[in-house]
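The values are calculated or read from the model by the stated rules, or taken from the named source; none is laboratory data. Predicted, not measured: the structure shown is a model, and the values here were computed from it. Here the Cβ positions follow ideal geometry from the backbone for every residue, glycine too, while neighbour counts run over all protein chains shown.
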Amino acid sequence: MTTIHASAVLLGARAVLIRGAAGSGKSTLAFALIRAGETGALPFTRLVGDDQVHLEVAHGRVLVRPAEALAGMIESRGLGIRRVPFERLAVVGLVVDLGAPDSERLPAAKSTLTELAGIALPRLGVAPAADAVRLVFAALRTAESGL
């Protein structure tokens, strides 16, 4: 099992793994996805983990778990740490990289995939100044997202 600085949100049957530098908006995006599930704008959503998550490979899939000390907690800028319902395990279906230097208007096929522990996964690179919520919603609402 590997621990990484990332957030993860279960969306339907698969999780969105959100990576990025400190302050890049991982928690903000995670909270927006959770809220969209609560309002019906997206299918069922639930926090898996915020800030630190554990990744492992099982049966050709990448699994994500919350760091035990942070399970059920998410940071909300200006409010601090909040407790929310969470899932203990999910299969990663999409990786979102915030502040991605390789993000392009029309991304090359090679930048739409990433590899985690030898498993290829769909990837969305979000430019530093881009509206991550809008881009992720667009990706999730199209068949190409894999979710």
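Quick look at the numbers
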| item | result |
| --- | --- |
| In the stretch 78-105, the residues that are part of a loop (DSSP other than H, G, I, E, B), surrounded by 18 or more Cβ atoms within 10 Å (Cβ to Cβ) and at pLDDT 95 or above | Glu87 |
| Residues that are among the β-branched types (Val, Ile, Thr) and under 15 Å from the mean Cα position of the chain (by Cα), drawn from the stretch 50-100 | Val53, Val62, Val64, Ile74, Val91, Val92, Val95, Val96 |
| Any chance Leu147 is at pLDDT below 95 and in contact with a strand residue (DSSP E or B) (Cβ under 6 Å, 6 or more places away or on another chain) | yes |
| Residue count, the stretch 130-144 (criterion: modelled with pLDDT of 60 or more and either part of a loop (DSSP other than H, G, I, E, B) or of a type in the set (Asp, Glu) (or both)) | 4 |
| Positions within the stretch 1-13 being touching a Leu at 6+ places or on another chain (Cβ under 9 Å) and either surrounded by fewer than 20 Cβ atoms within 10 Å (Cβ to Cβ) or assigned to a helix (DSSP H, G or I) (or both), in sequence order | Met1, Thr2, Thr3, Ile4, Gly12, Ala13 |
| Residue match in the stretch 54-77 (condition: within 27 Å of Thr142 (Cβ to Cβ), in a strand (DSSP E or B) and of a type in the set (Ser, Thr, Tyr)) | no |
| Any pair with Cβ under 6 angstrom, 6 or more apart, that starts in the stretch 75-87 at a residue that is of a type in the set (Asp, Glu) and ends at one that is at pLDDT 90 or above | Glu75/Ser27; Glu75/Ile81; Glu87/Leu10; Glu87/Arg46; Glu87/Val48 |
| Count - residues of the stretch 32-55 that are modelled with pLDDT of 95 or more and either within 19 Å of Glu68 (Cα to Cα) or of a type in the set (Phe, Trp, Tyr) (or both) | 9 |
| When residues of the stretch 29-53 are limited to those that are assigned to a helix (DSSP H, G or I) and in contact with an Asp or Glu (Cβ under 9 Å, 6 or more places away or on another chain), the one farthest from Leu121 (Cα to Cα) | Phe31 |
